[in-house]
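Reading through the structure tokens given below for one structure.
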Amino acid sequence: MPLDRDPADRTYKVVGHRHNRPDGIDKVTGRAKFGADLAAPGLLHGRILRSPHAHARIKSIDTSKALALEGVKAIVTAADFPDHPQVLEDGELTNIRYNVMAREKALYDGHAVAAVAASNPRIAAKALKLIEVDYEVLPHVVDVELAMKDDAPILHDHIRTEGMEDAPDCPTNVAERIELGYGDVEAGFAEADVVIERQFRTGAAHQGYIEPHACLANISGDGSGDLWCCTQGQFMVRDVCAQLNGMDVSKLRVTPSEIGGGFGGKTTVFIEPVAVALSRKAGKPVKIVMNRGEVFRATGPTASSAIWVKMGCKRDGTITAAQAELKYQGGAFPGSPVSMGAMTAFACYQPKTLKAIGWDVVTNRPKQAAYRAPGAPMAAFAVESIVEELAHTIGMDPVDFRLKNAATSGSKSAYGPTYSDIGLVETLEAVKAHPNYAIKLGPNQGRGVASGFWFNFGGQTAVTLNLNIDGTVALSVGTPDIGGSRASMCAMAAEELGIPYHHVQTIIADTGSLGFNDVTDGSRVTFASGLATIEAARNAAKVLCERAAKIWGIPADAVTWENGCAVPAGPNAGEFPPMTIKELAKKAGETGGPIAGHFEVSADGAGPSFATHLVDAEVDRETGRITILRYLIVQDAGKAVSPAYVEGQMQGGAVQGIGWALNEEYIYNDKGVMENPGFLDYRVPVASDLPMIDTQIVEVPNPGHPYGVRGVGETSIVPPLGAVANAVAAAVGARPEELPMSPPRLLKLMKEQAQPLAAE
Amino acid sequence: MSQVHVTTKINGDSTEYLCDADETLLDVLRDRLQMTGSKEGCGTGDCGACTIILDGRPVCSCLVLGAEAEGRSVETIEGMANGEELHPLQRHFLNGAALQCGICTPGILVAAKALLAQNANPSETEIRYWLAGNLCRCTGYDKIIRAVQSAAAEMRGETHAA
């Protein structure tokens, strides 16, 4: 669905203006229903027993004492998730089944081994202590590079390295090798005047949504049922839960609750199939709510990484060669986002030659899940660190250096395809022109710049729009609203139909009420559900015109839709006063029945989003504390449908990136047990850590969307790691190679290298 | 195990309930009284999503036992608006896009209300430190701080209602 027309000529009545979100009142009054907020008559409470070991063979599980406890109604283990053919045919589904309930071996600290349903949560907790599991503890590995060694403890006997022709036929933790690039990098380095290489490491960060996973399953005696849960994709939950439990997909209806943050972490299932199994076994509704420790130990943080980057440039700034080797561990199952790391690493630039190799590695950690631009922030941290260093080394302004090499509209991307219209150059120029770029810094202060890229995604999308009897509109979309998307859908439908914003009410439909939708991911919702909403509204307008034509007794193509009314298309069509949407809605029954529009699509043309961030940081040389003094985000939104929520996405992503850069990481002890599974010790940024976050929206219309919209949710977390590292490097005269830059690491860095870098 | 009988005042209304001796006030509010506006994000007093006002002081209701509410006064998010009329903080959060997912919002609103009750004109730094015990993962706090500032200004009579 291409851009309608030159956006400069277009004026919007609703889109781009500031409106209050339809879910807002409920959220400021406590009425909004989140995952844990539902109850049901006869409700049972589920709890999950988790492995205390990083790697252990499960020799036996004895549930008899727990079952004998008064109030315990059902217990499930891996035996309750048998080998249904549809599971075994699908490798990822098989992995999810193993992840939601350990079979044969527990693969990480926190891996589920059994689950109990009891009449209240306190009895369920007591019952867990009565389940006897006989473990044989096995050697474990949690570090990505140690897991790649020949003598590393092996998690899965069946894994062989994909993507390597000469891979030995023996078990390994290296699930895949990928490679991409073009040209001869050795020749590129030979052409360079300056070559810099470094080895970087990043810790595993968690999405840190404040709402723990929660669900309520209610399966009837006939095997059909309902599931309520907080998720980024109700259709995904339905399909996975039904298949793991051997149900027809049509038998399970999933209703998404309000979602208390996801950031990618709620694009898969953990407790939902277990609640379905418990409810079926107990014959009663079962609610499972994770506690925070379970969220950290047993859901999906992002990958930790070891990344080597080498880049070369000429004295004039031209990047002649870019090379990277990325090693990502994605926890106990294959699927780390290393390929996205490799593809995004150099996507902001046009190096003359390029080579990137990625390794997907399994370790005894929880199965990673998507986290906002999965795989990209850590790669950008490494690349942006080297880019900054190259610029300083040749004595070039770091923004000018990026401008010299920036990807532009129509240029070929580092990962293959040719870019359509993109806005990287515009973000760089805006940063350079911003007052923050000229503020004079004091002692122990440093300034850092970094750019970032994310692909954005379209995906399968279905939308239905129904006209109500009073001319208002009921819009059903299938993509859970994680950042205010319902407001944007209302705005786009209202814009198309020429009606006020508050005449459209948008709901997130359950799986029984709408066609399939991919999960809310890839920054796709405002783009794809928006595109489908516009098209559904246009289909409804077409029906409205047909109805007016019928009333007027003229051909349907002699009527057009303008400003919320059907009007004769031209002087030859006849003289009729405009007929409003309200009049047509009232007459729907006499003119052909209910008036609706719908649209189903696999949306293409998402259009990538670029951002450039500028940060000033101050270092306390005595304590190693880093203070963010000021922070500026400039990002291309294509067309900001709801500017305040676009700013919110930019600010939220940047602050998550700041947390990843400064404090957040999974810390394991020598037994492979996570030592900081709580918000006290896994420290996300709090209000007193931060300054105001300045934002500037750039609008380079995406040619793949009628209004020029492109996704904005994920790009914002890509630059901060590199931007903060560059600011700290400038402040202390030593380059951080390991994230997070926690005080002990920074003190060590300053002690070992406390001198001005050669060129910085 | 016999249950504890508690008589307390919640949002101005006298309320009685039975609870287990080891049951938190948060669980009582949510599971027994169906007041699910207060949220559990951690259960250990680290995230502030369950913030309520107990005898005038903001506390994490996950760290208070249901039995401890005996004879005291509890204020929750459900009591913040006056019928259809939103509290200025609620209105400014809504108009200022100071919420995204909304899970932390009730706790932050209650905590901010307690702040403004004792300091009508807090500085940005004072607001940031007061709210340091209330985690928000969506917004980066910028719009939250601004909403508290603008609500405070309105409550001081310096600006018109937003």
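The values are calculated or read from the model by the stated rules, or taken from the named source; none is laboratory data. Since we're looking at a predicted model, the values are computed, not measured. In this analysis, Cβ positions are derived from the backbone assuming ideal geometry, glycine residues included, and neighbour counts consider all displayed protein chains. Quick note on the areas: whole protein, heavy atoms, side chains included, nothing else; ligands and nucleic acids left out. Shrake-Rupley method; radii C 1.70, N 1.55, O 1.52, S 1.80 Å.
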Exercise. How many angstrom separate the Cα center of the range A:392-409 from the Cα center of the range A:300-351?
Worked result: 19
Exercise. The range A:425-476: Rg/Rh from Cα coordinates, Kirkwood Rh?
Worked result: 1.39
Problem set entry | Selected from A:C565, A:G638, A:P736, residue furthest toward positive end of dipole (chain A; charges at beta carbon) | A:C565
Exercise. Net charge near A:V249, counting Lys/Arg +1 and Asp/Glu -1 over other residues with Cβ under 13 Å of its Cβ?
Worked result: +1
Problem set entry | Percent carbon-and-sulfur accessible area, the range A:510-572, ignoring ligands, DNA and RNA, probe 1.4 Å | 49
Problem set entry | Whole-Å distance, taken between Cα centres, linking the range A:599-650 and the range A:118-181 | 35
Seminar exercise, completed: About its Cα centre, the protein assembly as shown carries a charge dipole, from +1 on Lys and Arg Cβ atoms and -1 on Asp and Glu Cβ atoms, whose size in debye to the nearest 20 is 1080
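Pull out a ≥ b ≥ c, the square roots of the eigenvalues of the alpha-carbon gyration tensor of the range A:500-654, then state rounded if a/c is under 1.5, prolate if not and a/b is larger than b/c, and oblate in the remaining case.
Taking the square roots of the gyration eigenvalues as a ≥ b ≥ c, the range A:500-654 is prolate.
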Problem set entry | Solvent-accessible ranking of B:W130, A:W660, largest area first, probe 1.4 Å | B:W130, A:W660
For this session: Any chance you could tell me what percent of the C-alpha pair distances in the range A:360-499 go past 23 Å?
Result: 60
Problem set entry | By average C-beta atoms within 10 angstrom, highest first, the peptides A:152-160, A:26-34 | A:26-34, A:152-160
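Relative to 2.2 N^0.38 Å, what does the C-alpha radius of gyration of the range B:24-162 come to as a ratio? Two decimals please.
On the way: Rg = 14.4 Å, N = 139, 2.2 N^0.38 = 14.3 Å.
Rg over 2.2 N^0.38 Å, computed on Cα atoms: 1.00.
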Seminar exercise, completed: Across B:90-98, the residue-averaged tally of Cβ atoms belonging to other chains within 10 Å stands at 5
Problem set entry | Other-chain or far-sequence residues with amide H under 5 Å of A:G163's (modelled H) | A:R177
Seminar exercise, completed: For the range A:1-94, the Cα convex hull volume per residue in Å³ comes to 330
Exercise. Which sequence of A:S250, A:S385 reflects their accessible areas, 1.4 Å probe, from the largest down?
Worked result: A:S250, A:S385
Seminar exercise, completed: In degrees rounded to 10, the 0-90 angle between helix B:142-155 Cα long axis and the longest Cα principal axis of chain B is 90
Problem set entry | Selection from A:V14, A:W359, A:H213, by position along the positive dipole direction of chain A (Cβ) | A:H213
Seminar exercise, completed: Given 10 °C, 1.306 mPa s and a Kirkwood radius over Cα pairs, the Stokes-Einstein diffusion coefficient of the range A:424-575 in µm²/s is 85
For this session: Jot down the per residue volume, in cubic angstrom and as a whole number, of the convex hull over the alpha-carbon atoms of the range B:4-79.
Result: 72
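Can you tell me which of B:64-77, B:90-103 comes out highest on packing, and rank the rest after it, using the mean Cβ neighbours within 10 Å? Don't jump to the answer; show the numbers that get you there.
Numbers: B:64-77: 19.6, B:90-103: 25.9.
For the peptides B:64-77, B:90-103, the packing ranking is B:90-103, B:64-77.
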Exercise. Other chains near A:292-301: what is the mean number of their Cβ atoms within 10 Å of each residue's Cβ?
Worked result: 1
For this session: Please pull out the direction-averaged projected area of the range B:88-155, using the convex hull of its alpha-carbon atoms, in nm² to one decimal place.
Result: 3.8
Problem set entry | Rg over Rh [alpha-carbon atoms, Kirkwood Rh] for the range A:174-291 | 1.29
Problem set entry | Cα-only Debye scattering, the range A:50-183: base-10 log of I(q)/I(0) at q = 0.18, 0.22, 0.23 Å⁻¹ | -1.07, -1.33, -1.38
Problem set entry | Where only alpha carbons of the protein assembly as shown are counted, the Rg and the Dmax (Å) | 28.0, 86
For this session: Using every pair of alpha-carbon atoms in the range A:246-321, split the distances into 10 Å bins beginning at 0 and state the percent of pairs per bin, rounded to integers.
Result: 12, 31, 22, 11, 11, 9, 4, 0
Seminar exercise, completed: Across B:37-49, the residue-averaged tally of Cβ atoms belonging to other chains within 10 Å stands at 6
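What ranking do A:35-42, A:202-209, A:51-58 get when scored by the average of other Cβ atoms within 10 Å per residue, highest first?
Most protected by this proxy first, the peptides run A:202-209, A:51-58, A:35-42.
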Exercise. Once amide H atoms are placed 1.01 Å from N in the peptide plane, what residues at a sequence separation of 5 or more from A:E738, or on another chain, have their amide H within under 5 Å of its amide H?
Worked result: A:R201
Seminar exercise, completed: quick shape note, the range B:75-119: Cα extents on principal axes in Å, largest first -> 26, 23, 17
